[in-house]
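The values are calculated or read from the model by the stated rules, or taken from the named source; none is laboratory data. This structure is a prediction, so every number in the text was calculated from the model and none was measured. Because the Cβ atoms are built from the backbone with ideal geometry, glycine has one as well, and the counts that use them run over all protein chains shown. Only protein heavy atoms, including side chains, enter the accessible area calculation; ligands, DNA and RNA are left aside. Shrake-Rupley method; radii C 1.70, N 1.55, O 1.52, S 1.80 Å.
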Amino acid sequence: MLDLNSSSVLTLILVVLIAKTVITSIGKPTLLNKCWNLYSVVASRAGKPQFVELAKKRQELVQINKERKSISAQDQYAKWTKLNRSFDKLSAEVKTLADQVSTEKATVNKVVNGAVTLLTVAPIWFCRVWYRKTVLFHFPSGYFPGVMEWFLALPFTVKGGVGLTVWMFAVNSVLSSIVFLALYLVEPAVQKPDKAASTKSQ
Amino acid sequence: MDMDLEIEPTLQSVILHETLKWLFVGGKGGVGKTTTSSSIAVQLALAYPNDQFLLISTDPAHNLSDAFCQKFGKDARKVEGLSNLSCMEIDPEAAMTDLQTQAQQYNNDPNDPLKSMMNDMTGSIPGIDEALSFMEVLKHIKNQKAGENSNAISYRTIIFDTAPTGHTLRFLQLPATLEKLLSKFKDLSGKLGPMLNMLGGGGAQKQDIFEKLNEIQKSVSEVNEQFTNPDLTTFVCVCISEFLSLYETERMIQELMSYNMDVNSIVVNQLLFAEADDCKRCHSRWKMQKKYLDQMAELYEDYHLVKMPLLGSEIRGVENLKKFSKYLLQPYDPKVDNGLVFDLEETT
């Protein structure tokens, strides 16, 4: 009854929508954070000077602070003040370095955002435009009522064909059901409200 | 040869400086700031009898009058017994209220939204009150010159006895802040201006306020340029040999350095030099002072550390100041100069 056509378009849309669903269910901020962590690990392994220096300086700062706290300011005033001076100097340096790193973070975020758009949003719109007249499935004309046939033909295919819009809608609803089920298994159960405890706490 | 490398523990480099125009004396309250600034002024006046000097106190709790046993006001007045030194006491608060009343004059429509904005803005720029008080000071000096045009006094050096309140010289970072703020504000009023006009604000008055702010910015940058030039301006820190005073001094020095101001002298006041005394408490207190002195010597090895003794009574009057201030130029030796401690003339 159903005649499968243009299977490459079908799979392309499927893959793109899966990717999109995965990204939304992970959450974009989490993804950005993960990517940044990965980048900073890789960059400091690769010996990018800013990261290495920042980590080193932060450690030094902690060291100085420890030392400063371990001595009496009044008994060893000169030493204490010298530590203060180097602490101030170091923290200024750390601040400028941290600023540089955060600019870099903004760049990385921008790149990741761009990649996400390129991988998910762009192909969908491309397909919507490019395959607007492509028929993905066929069914005998007159099989469904006329209104439904018009709907199935969205956006611009002939009657008796199933278009891209309906395929995307179907894939999306299946994926969201799967995500819902999967999250139901993964997420911790909501605790039963304990009436006694809640009145006590108030 | 060795002597040249050693940094002498006196204020000679300050007092015998050729081009110095502005000299600031600062420190926390109660460390002898006024005594020190008066002493420096007296020594300067004695060193150059043919030049005029001016000592200005910006401390709201004015005590120059007490130090010289003579009443001073906000116009420069000559010190009796030292004809080339004048003093004045200026209230730094006056300038701020001045600006605000002026803003109100320009703009007396109570419904103008710009009015309260201006007040808030002028009040909230960090350092503007200090800047204004210095402007007030400079205005006074200028006025004086203009007023006595026939025999205009030009001062060789002007000595400031600064107020002990924290960031006396915070305004040195003001020009940059002000510039940023002004450009932002101009932007904003360019966008909102027509709307505000429609609501009933006068354009000309706003222009006036801008001009005023611009003027302030210009004169602040001028002053700033002079104050950060080590050939023209230097700062003398005053402290006593105790923990908190040293700590505050260190912070002040760091702050001044961040403003690119020249600091190379520290006066340590109220030292006991109790070696030859019988007093047990003096001995132990002197021991403590020596501890901090040693630490200071280590910390400020490239500064002039001037050690001044604690005397038996308050140092008041020109004659007493002359006696005391001698030791700014020539290190105090407790064995030889011990007589100074109880040698002050009675003043009432």
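Out of the residues in segment A:32-54 that are assigned to a loop (DSSP other than H, G, I, E, B) and at negative phi, which is surrounded by the fewest Cβ atoms within 10 Å (Cβ to Cβ)?
Kept after step one, since they are assigned to a loop (DSSP other than H, G, I, E, B), are these residues of segment A:32-54: A:46-48.
Those left that are additionally at negative phi: A:46, A:48.
On the way: A:Ala46: 9, A:Lys48: 15.
Step by step, filter segment A:32-54, then rank; the result is A:Ala46.
B:Lys290: within 14 Å of another protein chain (Cβ to nearest Cβ), more than 19 Å from the chain's Cα centre (by Cα) and charged (D, E, K, R), yes or no? Yes: the conditions hold for B:Lys290.
Filtered by the rule that a residue be open to solvent by 30 Å² or more (accessible area, probe 1.4 Å) and of a type in the set (Gly, Ala, Ser), segment B:273-292 gives B:Ala276, B:Ser284.
Taken residue by residue, segment B:297-306 has at least one member that is more than 14 Å from chain A (Cβ to nearest Cβ) and closer than 25 Å to B:Leu85 by Cβ. Pairs are defined by a Cβ separation below 6 Å, a sequence spacing of at least 6 or placement on different chains, a first member in segment A:78-106 that is within 12 Å of chain B (Cβ to nearest Cβ), and a second member that is open to solvent by 80 Å² or more (accessible area, probe 1.4 Å); the pairs so defined are A:Ala78/B:Glu298. Here B:Met296 clears all of (1) within 17 Å of B:Asn269 (Cβ to Cβ); (2) open to solvent by 20 Å² or more (accessible area, probe 1.4 Å) except the condition numbered (2).
For segment A:90-140, a residue qualifies if it is exposed (fewer than 12 other Cβ atoms within 10 Å of the Cβ) and touching a Lys or Arg at 6+ places or on another chain (Cβ under 8 Å), but none of them does.
Scanning segment B:250-267 for residues that are polar (S, T, N, Q), more than 14 Å from chain A (Cβ to nearest Cβ) and farther than 14 Å from B:Val238 by Cα returns a single hit, B:Asn260. Only one of the numbered conditions (1) within 14 Å of chain B (Cβ to nearest Cβ); (2) surrounded by 15 or more Cβ atoms within 10 Å (Cβ to Cβ); (3) out of contact with any helix residue (DSSP H, G or I) (no Cβ under 7 Å at 6 or more places or on another chain) is violated by A:Ser72, and that is (2). Annotation: of all residues in segment A:12-58 being under 28 Å from A:Ala92 (Cβ atoms) and among the hydroxyl-bearing types (Ser, Thr, Tyr), the one that is farthest from the chain's Cα centre (by Cα) is A:Ser44. Pairs, please: C-beta under 6 Å, at least 6 apart or cross-chain, first residue farther than 22 Å from B:Glu18 by Cβ and in segment B:213-232, second crowded, with 19+ Cβ neighbours inside 10 Å and not hydrophobic (A, V, I, L, M, F, W, C)? Close Cβ pairs satisfying both conditions: B:Val220/B:Pro175; B:Ser221/B:Pro175; B:Asn224/B:Pro175. Say we look at segment B:1-28 and pick out the residues that are closer than 19 Å to B:Asp333 by Cβ and acidic (Asp, Glu); which of these is modelled with the lowest pLDDT? Among residues in segment B:1-28 that are closer than 19 Å to B:Asp333 by Cβ and acidic (Asp, Glu), the one modelled with the lowest pLDDT is B:Glu6. Quick check on segment B:236-251. Is at least one of its residues closer than 17 Å to B:Leu11 by Cα and open to solvent by 50 Å² or more (accessible area, probe 1.4 Å)? Checked against the condition, which is being closer than 17 Å to B:Leu11 by Cα and open to solvent by 50 Å² or more (accessible area, probe 1.4 Å), segment B:236-251 yields no hits at all.
Considering every residue within segment B:100-113, establish whether at least one is charged (D, E, K, R) and modelled with pLDDT of 70 or more. No: zero hits.
The single condition among (1) surrounded by 16 or more Cβ atoms within 10 Å (Cβ to Cβ); (2) within 14 Å of another protein chain (Cβ to nearest Cβ) that B:Gln270 does not satisfy is (2). Beta carbons closer than 6 Å, at least 6 apart along the sequence or on distinct chains, pair a first residue in segment B:57-85 that is assigned to a loop (DSSP other than H, G, I, E, B) with a second that is open to solvent by 60 Å² or more (accessible area, probe 1.4 Å) for B:Cys69/B:Arg316; B:Gln70/B:Glu80.
Restricting attention to segment B:219-241, report how many residues are farther than 18 Å from B:Tyr303 by Cβ and assigned to a loop (DSSP other than H, G, I, E, B).
Looking only at segment B:219-241, we keep the residues that are farther than 18 Å from B:Tyr303 by Cβ, and these are B:219-229, B:231-232.
After this cut, where a residue has to be assigned to a loop (DSSP other than H, G, I, E, B) as well, the list is B:228-229, B:231-232.
Matching residues across segment B:219-241 total 4.
Within segment B:311-321, can one find any residue that is within 14 Å of chain A (Cβ to nearest Cβ) and over 12 Å from B:Val42 (Cα atoms)? Looking for residues that are within 14 Å of chain A (Cβ to nearest Cβ) and over 12 Å from B:Val42 (Cα atoms), one finds none in segment B:311-321, hence no. Among the residues of segment A:76-83, some residue qualifies, meaning at least one is in contact with a Ser or Thr (Cβ under 9 Å, 6 or more places away or on another chain), open to solvent by less than 80 Å² (accessible area, probe 1.4 Å) and not assigned by TED's automatic domain parsing to the domain that holds A:Ile178.
Checking the stated criteria, A:Lys82 turns out not to satisfy the condition of being over 30 Å from B:Leu299 (Cβ atoms) and assigned to a helix (DSSP H, G or I).
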